[in-house]
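A.B. asks: Supplied in structure tokens, the structure appears directly below.
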Amino acid sequence: IGPNVSAIEVWNEPNLKREWRGTLPFSGEGYMSLFKPAYAAIRGYSPTITVISAGLAPSDTTDVSINDRDYLRQMYQHGLSILDVRVGVHPFGWGNPPDVRCCNKVDGQGWDDKQQFFFLDTLLDYRQIMLSYGHRNGRLWSTEFGWGTWEGFAGAPPEGWMAYNTAEKQADYNLKAFRIGQALGFVENMFLWNLNFANSTTVN
């Protein structure tokens, strides 16, 4: 690991089937069967490295995903309540402002009818789940968040919701989200992720 590593997130979005491989159950229980020995190994190396549970994809239960709130509850039911663990979260807002709560449906617009599509709802829902399992001193690490935009690129965006966000809105939403997270008191760190999804495949 080396002397310069101060934090480790164990896995990423294991509630999506594309991120989950092997024979263990596709569930929070399956994830915890890997998280607990990983946690023990990290603690065996260092008592001070911050350990973060996997940031979950804000999603519903489908053939290829598990509702992230349900998945987090399963993680707690199988031993997540270790006081020096931070809880990973991916509070994306799609085309919704960070200070708007579910659900502000807009005619002709998607990604606006479930709590998983709202930045603040996701953070507050996770906090309530943490409290319900006695994890009162727990802190959230937003290991991915942000608002993508396709402004300035030709062709259709890789995700339809990106067309809702101008570059100006993107800047406003991201900065406002940082301020909201800092004010909540239970969000410890926030990592801005992927401003436009542009790469050699999506941009000709």
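A.B. asks: What residue, among those in the range 135-147 that are in a loop (DSSP other than H, G, I, E, B) and either in contact with a Cys (Cβ under 6 Å, 6 or more places away or on another chain) or open to solvent by less than 50 Å² (accessible area, probe 1.4 Å) (or both), is farthest from residue 90 (Cα to Cα)?
C.D. replies: Ranking the candidates gives 135 first.
A.B. asks: Does residue 178 satisfy being crowded, with 20+ Cβ neighbours inside 10 Å and of a type in the set (A, V, I, L, M, F, W, C)? It would help to see each step written out before you state the result.
C.D. replies: On the way: crowded, with 20+ Cβ neighbours inside 10 Å: no; of a type in the set (A, V, I, L, M, F, W, C): yes.
Against the criterion (crowded, with 20+ Cβ neighbours inside 10 Å and of a type in the set (A, V, I, L, M, F, W, C)), residue 178 does not qualify.
To keep it simple, each residue is scored yes or no on (1) surrounded by 16 or more Cβ atoms within 10 Å (Cβ to Cβ); (2) part of a helix (DSSP H, G or I); (3) touching a helix residue (DSSP H, G or I) at 6+ places or on another chain (Cβ under 8 Å).
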| site | (1), (2), (3) |
| --- | --- |
| 122 | yes, yes, yes |
| 126 | yes, yes, yes |
| 153 | yes, no, no |
| 170 | yes, yes, no |
| 183 | no, yes, no |
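A.B. asks: Among the acidic types (Asp, Glu) and touching a Gly at 6+ places or on another chain (Cβ under 7 Å) - does that describe any residue in the range 84-96?
C.D. replies: Within the range 84-96, not a single residue is among the acidic types (Asp, Glu) and touching a Gly at 6+ places or on another chain (Cβ under 7 Å).
A.B. asks: Cβ-Cβ below 7 Å, separation at least six or inter-chain, first residue in the range 89-112 and without any contact (Cβ under 8 Å) to a residue 60 or more places away in the chain, second of a type in the set (Asp, Glu) and surrounded by 17 or more Cβ atoms within 10 Å (Cβ to Cβ): which pairs?
C.D. replies: 96/112; 101/121; 102/121; 103/112; 104/112; 105/112; 106/112
The values are calculated or read from the model by the stated rules, or taken from the named source; none is laboratory data. Quantities reported herein were computed from a predicted structural model and do not represent experimental measurements. With ideal geometry, Cβ positions are generated from the backbone for all residues, glycine too; neighbour counts draw on all protein chains shown. SASA here: full protein model, heavy atoms, side chains in, ligands and nucleic acids out. Shrake-Rupley method; radii C 1.70, N 1.55, O 1.52, S 1.80 Å.
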